[in-house]
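Report on one structure; see the data block that follows.
Please treat every number below as a calculation from the coordinates, not as lab data. Fair warning: this is a prediction, and the values are worked out from it, not measured in the lab. Reconstructed Cβ throughout: ideal geometry from the backbone, glycine too, with neighbour counts over all protein chains shown.
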Amino acid sequence: MMTLARVLPIIFLLLALYCALDPFNHSPIAGFPHYEVHKVDSPPWSQVPIHRDKHNLLQQSELMFVNQVQGPESIAFDPLGRGPYTGVADGRVLFWNGLSWTDFAYTSPNRSELCNPKASASPSSYVETEHICGRPLGLRFDKITGDLYIADAYFGVMKVGPQGGVAASLVTEAEGIPLRFTNDVDIDTQGNVYFTDSSSNYERRNFIQLVFSGEPSGRVLKYNSATKETTVLVRNLQFPNGISLSKDGSFFVFSEGSIGRLSKYWVKGDNAGSSEVLAILPGYPDNVRVNGNGEFWVAIHCRRYMYSYLNAIYPKLRKFILKLPIPTKIQYMLQIGGRFQALVVKYSPEGEILHILEDSEGKVVRAVSEVEEKDGQLWMGSVLMPFIAVYNFT
């Protein structure tokens, strides 16, 4: 009979072989043989804001349209105040007419039965077909024309008229490099469209691998509607995400998802063409939206934790962990602190924290991708959730 002293080395050897070989391809990077990781330009831990909403006020939010909308990342209202409009996981842009949801627009020119909404489906269940059906993310209305501009993760920057229908393609590449992960969009009064391309290497369906990689191929771009020219304004970014022009149009801010910060890019004035860091965020951001007072609401995907911070600044450690046969979902939950949570922060144009709301326990608002302020209410969408959350701010 084998003694424990003999059995333990065998167990450890088998465990080591299992971790090294990953026979069931559980590792998030198992299907990426040339996967590379990069050091994330994270700010020192001492600079991370510690502000908290001790009352978890987002738990007072009302969950609306539960299971009627799957993955409503962006929330928009048209120039007449109607809506909301939102893009969902099956590739449609939906419009709430006050009584029900109706189809408003489509981004895929080849939409088929494959793209039909599925009963009892979750947002993640559409990932395998979203490159065919489209995945509308950021939405913005031109307040003058009523046209809706759409950042589709796969089909680039698109536009559809006030009556809806199949969206027309505006931008699919820049400098000969295809848009692989178009994420958010905004438009100024002159018809200039500003948008983010989160990565030149990873599509949205591989966003987990993009997050874990920290690779710096993201871009912020401008499309001139008059000349049809596209210009890269900022390059070599680590997961640029949300973008929003200021109230006066003199600058825009954009969020950097991997780093966890807001940056300001000057469009007008003596500093035009230059950028600067506006704020270090308490977590990792998604979309950013300006309100009527010129303040910016930032949706925070999750707070920073020491685990994710160490992974960010030590890429070799991160790659070692990623090679372990730990399923993607578990790796992801480790990154966000072990549970879903929601956090929204309002900033002044100068980068000062004005207000913070959260559901740190994830009891009601489990995740948030965008915050749209309208008539004293905060409308919150999430690319991961099957609802829209509404918080009465006043």
- Query: Could you give the nm distance between label points at residue 163 and residue 361, where each point is 7 Å from its Cα heading toward the beta carbon?
  - Reply: 5.1 nm
- Please work out whether segment 225-384 counts as rounded, prolate or oblate from its C-alpha gyration tensor, where a ≥ b ≥ c are the square roots of the eigenvalues and a/c under 1.5 means rounded, while otherwise a/b larger than b/c means prolate and anything else oblate? oblate
- Item | Spacing of the two label points (7 Å from each Cα toward its C-beta) at residue 319 and residue 307, in nm | 2.3 nm
- From fewest to most C-beta neighbours within 10 Å, the residues 217, 200 line up as 200, 217
- Query: Gap in Å between the Cα centre of segment 40-88 and the Cα centre of segment 301-371?
  - Reply: 14 Å
- Compute the longest continuous run of the chain that contains no exposed GluC sites (Glu not before Pro); treat a site as exposed when its DSSP state is not H, G, I, E or B and it has at most 12 other Cβ atoms within 10 Å. 176-349
- Under the definition of Cα pairs under 8 Å and six or more residues apart, what whole-number percent is the relative contact order of the chain? 19 percent
- Query: About its Cα centre, what dipole magnitude does segment 171-257 give when the only charges are +1 on Lys and Arg Cβ and -1 on Asp and Glu Cβ, stated in debye to the nearest 20?
  - Reply: 120 debye
- Item | Virtual spin-label span in nm between residue 55 and residue 232, 7 Å along Cα→Cβ | 4.8 nm
- Could you point to the label whose value was computed as mean projected area of the Cα convex hull in nm² for the structure here, given (i) 18.6; (ii) 22.3; (iii) 21.0? (ii)
- Contour excess over end-to-end distance, with Cα ends at residue 266 and residue 131 and 0.36 nm allotted per residue: 45.2 nm
- Item | residue 64-residue 274 FRET efficiency (beta carbon distance; Förster radius 41 Å; 0.05 resolution) | 0.50
- Message: Translational diffusion coefficient of segment 71-184 at 25 °C, 0.890 mPa s, Stokes-Einstein with Kirkwood Rh over Cα pairs, in µm²/s as a whole number.
- Response: 174 µm²/s
